[in-house]
């Protein structure tokens, strides 16, 4: 069970009135509304995990003449004609 802490927060009368009105309209509690707001704010401001985008090229894979050669030979073929 998660640890629960009580907290005192000062907010303006107008904001509190609006929050209570919204909570009542949505048949929820002020506590639930505040928790939802905090969760959304934290999620929106948290850094997104890096996700490698999918990039691929059309083709049928490795050319047959390169099937049984070393990586060094494949690398040399890639750079062939491109200088040192």
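Annotations for the structure displayed:
- Order of 1, 66 - criterion: other Cβ atoms within 10 Å of each residue's Cβ, fewest first: 1, 66
- Gain on full stretching of the segment that runs from residue 11 to residue 38 - 0.36 nm per residue minus C-alpha separation: 8.3 nm
- Candidate values (1) 2, 9, 10, 12, 10, 7, 4, 4, 4, 5, 5, 6, 7, 11, 4, 0; (2) 3, 11, 14, 16, 17, 19, 14, 4, 2, 1; (3) 3, 12, 13, 13, 10, 7, 7, 6, 6, 5, 5, 4, 4, 3, 1, 0, label of the one derived for P(r) over Cα pairs in 5 Å bins from 0, in percent: (1)
- Springs between Cα atoms under 10 Å define the GNM used for the chain, and in it the highest mean-square fluctuation of 17, 60, 48 occurs at 60.
Each value in this text was obtained by applying a stated rule to the coordinates, not by laboratory testing. Since we're looking at a predicted model, the values are computed, not measured. Positions of Cβ are backbone-derived with ideal geometry, glycine not excepted, and every protein chain shown enters the neighbour counts.
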